[in-house]
1. Counting only residues that are out of contact with any helix residue (DSSP H, G or I) (no Cβ under 8 Å at 6 or more places or on another chain) and in a loop (DSSP other than H, G, I, E, B), which one in region 35-86 is nearest to residue 175 (Cα to Cα)?
2. Between 183, 203, 199, 219, which is at pLDDT 85 or above, assigned to a helix (DSSP H, G or I) and out of contact with any strand residue (DSSP E or B) (no Cβ under 7 Å at 6 or more places or on another chain)?
3. Can you go through 228, 194, 149 and tell me which one is under 30 Å from residue 28 (Cβ atoms) and out of contact with any strand residue (DSSP E or B) (no Cβ under 9 Å at 6 or more places or on another chain)?
4. Does residue 19 count as surrounded by 14 or more Cβ atoms within 10 Å (Cβ to Cβ) and in contact with a helix residue (DSSP H, G or I) (Cβ under 7 Å, 6 or more places away or on another chain)?
5. Hey, can you tell me all the residues within region 22-34 that are surrounded by fewer than 19 Cβ atoms within 10 Å (Cβ to Cβ) and in a helix (DSSP H, G or I)?
6. Conditions: (1) more than 30 Å from residue 29 (Cα to Cα); (2) in a helix (DSSP H, G or I); (3) modelled with pLDDT under 85; (4) in contact with a helix residue (DSSP H, G or I) (Cβ under 8 Å, 6 or more places away or on another chain). Residue 210 meets all but one. Number of the miss?
C-alpha cells in the first residue's frame, strides 16, 4: 500500500522525465553512446540512475496534461542532443586532424569501418579516436558526464527550456574553431611532409634515377610516424583542455 500511495501523478511524471533525461544523455554523450556497449546495459544503467537520483530531483511543477508532458519530453531529448553534440565535436576534431595526416602520409585509401559512427574512416583517425577515448577516461570524463547530469537536475528543472540562442551562437563560433584546431593538430606532420616533398623534388631534379615510390615514400611515412609519436601527448593535452572547456560552457548554458 505504501508503494501505491507513493505513485502520485507528480511522482510518476517526474520519474518519467528523469528517466527520459538520463537515457537521452546516455544515448548522445560520448563513451556511453558507443555501440559496443549493449543496449540492455544502457537501459539498466539509466533505470538504476533514475532510481538513485529520484529522491534529490525537484518535482514537476507544471500542470500535468498530455501537452505539457509531451513538450517536456521533447525538450529533454533536444537538450541531450545538444549536450552530446557539443562533446562529440571535440572527438570529431581529432578525426579531422587524422584525415589530414592520412592524406599527406598516403593512407587515404587504407580505410577501416568505424563501428560507432558506422562509416568508413582512415586508420589514423580511428587510432586518434581510441586514444581520445582512453584520454577521456583518464581525466574522468565519464564521471564528469554523470556529475553534469546530476547538476542539471537542480539547475534545469523539468519543463523549463535552456537558452537555445546561446547554444546556436556557441556552435557557430566553435565550428570556425573546429577547423583551426584540426589543422593545428595536424600541422607539424603536414609541414614535415611538405618539406619532404620539396627536398625529394630537388633530389629528383639533380638525380633523375632517384625512385620516389620505392625510396621516398617509405622515408616520408617513417618521418611522419616519428613526428606523430613526438606530438601525440600534446594533442591529447589540447583535447583534454577542450573537453573541460566544453563542460564549463555547458554549465553556463543551463545556469
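1. By that ranking, first place goes to 35.
2. On the way: 203 fails: at pLDDT 85 or above; 199 fails: at pLDDT 85 or above; 219 fails: at pLDDT 85 or above.
Just one listed residue meets the conditions, 183.
3. Working: 228 fails: under 30 Å from residue 28 (Cβ atoms); 194 fails: under 30 Å from residue 28 (Cβ atoms).
Being under 30 Å from residue 28 (Cβ atoms) and out of contact with any strand residue (DSSP E or B) (no Cβ under 9 Å at 6 or more places or on another chain) holds for just one of 228, 194, 149, which is 149.
4. Yes; evaluated as a whole, the condition is true for this residue.
5. 27
6. Unmet condition: (2).
Residues are listed down the side, and each one gets a yes or a no for (1) surrounded by fewer than 19 Cβ atoms within 10 Å (Cβ to Cβ); (2) under 21 Å from residue 140 (Cα atoms):
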site: 36; (1), (2): yes, yes
site: 48; (1), (2): yes, yes
site: 54; (1), (2): yes, no
site: 64; (1), (2): yes, no
site: 71; (1), (2): yes, no
site: 88; (1), (2): yes, yes
site: 102; (1), (2): no, no
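The values are calculated or read from the model by the stated rules, or taken from the named source; none is laboratory data. Owing to the predicted nature of the structure, the values given are computational and were not obtained by experimental measurement. Heads up, the Cβs are rebuilt from the backbone with ideal geometry, glycines too, and the neighbour counts pull from every protein chain shown.
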